[in-house]
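What follows is one structure encoded as structure tokens, with my remarks underneath.
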Amino acid sequence: MTTAFYTHPDCKLHDMGPWHPESPSRLQAIEDQLIASRIDQLLDYRSVPLAQESDLAQVHSAAMIALVREHSLALAGTSGCYPLDADTLLNGHSWQAALRAAGAALAATDAVIKGEIDNAFCSVRPPGHHATSTTSMGFCLFNNVAIAARHALEVHGLERVAIVDFDVHHGNGTEEIFAHDQRVLMVSFFQHPFYPYSGAEPAGGNAVNVPVPAYSDGSVVRQLATEKWLPALDAHRPQMIFVSAGFDAHREDDMAQMGLVEADYAWLTRQVMRVAAQHAQGRIVSCLEGGYDLSALGRSVVAHLKVLADLE
Ligand SMILES: [Zn+2]
């Protein structure tokens, strides 16, 4: 197995303030834990290009792209921030970081489809799954997974892809972007009721998004994945699988109130690997979304990567 690891220093320069949980130290915590776990040498570290604005425009409105670009670039060389909403801010590096985050997902998609690597994890920020076609929100500027999935469909000509979103929050942006697009199946669970208070009513008939109550643990998630996700994924026969890999359902993560542990993320990843092996030539591109307890995040990403790289 060749598992690629995509990250870029620019992704640590996007900073929404010292109080903000979606912080640059998240990526450092992941890198530190890879080294501590001695799996860093086993991964294929790959360079991350900048996404083109035309790539973003495959998913997002011109006005949304211009808003992020103009307000971020206006802050270049300053320490200021511009609030897009109460918890989503731009600094002078956010535009560049966002282009790297989307660029990583796109480069990983290209490399997996060309067969250069088996699968990939993009350790990038800002995250993406709350970003809708017209609005950056919920710590997310552009929807990295949606941009990559549409690239796989439109540029590489894939006919069916799946998006597995195991972040604790509903991926409202991803669902909205692909609602009614029968080429895309989205499966997810999310704590409900909880931010962004969507998802309980399906948007388009091509998503299996399962609300779960607070204080659910991994056994609940494994059961719903077995009963609801896997039959839908097998019926869809995706030619590639994208993962919105948020680790904020971890029981040590104070952002939410769920009880997953590293073994649950490993189990979820094994299910994705099995579906990908059966239908998709093993093609998986996983992108970091949430995960705010730094220790739990690092350990959970390692658990995810060990399965992706077939190290256990
Ligand atoms: Zn989240």
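The values are calculated or read from the model by the stated rules, or taken from the named source; none is laboratory data. Keep in mind that this is a model prediction, so the values were computed, not measured. No Cβ is skipped: glycine too gets one built from the backbone with ideal geometry, and neighbour counts run over all protein chains shown. Side chains included, ligands, DNA and RNA excluded: accessible areas come from the protein's heavy atoms. Shrake-Rupley method; radii C 1.70, N 1.55, O 1.52, S 1.80 Å.
Values computed for the structure shown
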{"item": "Burial ranking of peptide ranges 79-85, 209-215, 56-62 (average Cβ count within 10 Å, highest at the top)", "result": "56-62, 209-215, 79-85"}
{"item": "Computed accessible area, LYS12, all protein chains, 1.4 angstrom probe, square angstrom", "result": "60 Å²"}
{"item": "Debye log10 I(q)/I(0) at q = 0.25 Å⁻¹ for region 159-223, Cα point scatterers", "result": "-1.04"}
{"item": "Estimated distance in nm for a label pair at ARG274 and TRP19, the labels positioned 7 Å out from Cα along Cα-to-Cβ", "result": "4.6 nm"}
{"item": "Relative contact order for region 164-246, counting Cα pairs under 8 Å that sit 6 or more residues apart, in percent", "result": "36 percent"}
{"item": "Gap separating the Cα centres of region 133-200 and region 111-125, nearest whole Å", "result": "18 Å"}
{"item": "Bridge type composition, the chain - antiparallel percent by DSSP, nearest 5", "result": "10 percent"}
{"item": "Per principal axis, descending, Cα span of region 1-148 in whole Å", "result": "42, 33, 25"}
{"item": "Relative contact order computed over the chain (Cα-Cα under 8 Å; 6+ residues apart), in percent", "result": "20 percent"}
{"item": "For region 158-304: span of alpha carbons on each principal axis (Å, largest first)", "result": "39, 30, 24"}
{"item": "Highest-MSF residue in the chain out of GLY138, GLY205, GLY103 [GNM, Cα springs under 10 Å]", "result": "GLY205"}
{"item": "Contour minus Cα-Cα distance for GLU31 and THR134 (0.36 nm per residue)", "result": "33.8 nm"}
{"item": "Probe 1.4 Å - accessible area at SER25, Å² to nearest ten", "result": "50 Å²"}
{"item": "Cα-based Kirkwood hydrodynamic radius, the chain, one decimal, Å", "result": "18.8 Å"}
{"item": "Net charge, ARG270 excluded, C-beta distance under 11 Å - Lys, Arg +1, Asp, Glu -1", "result": "0"}
{"item": "Full-stretch length increase - ARG251, ALA235 - with 0.36 nm per residue and alpha-carbon distance subtracted", "result": "2.6 nm"}
{"item": "Between region 1-21 and region 22-62, the alpha-carbon center distance in angstrom", "result": "5 Å"}
{"item": "Accessible area expressed per residue, region 159-278, with surrounding protein chains retained (probe 1.4 Å, Å²)", "result": "38 Å²"}
{"item": "Residues ALA179 and GLN223, FRET efficiency given R0 of 25 Å [Cβ-Cβ distance, rounded to 0.05]", "result": "0.40"}
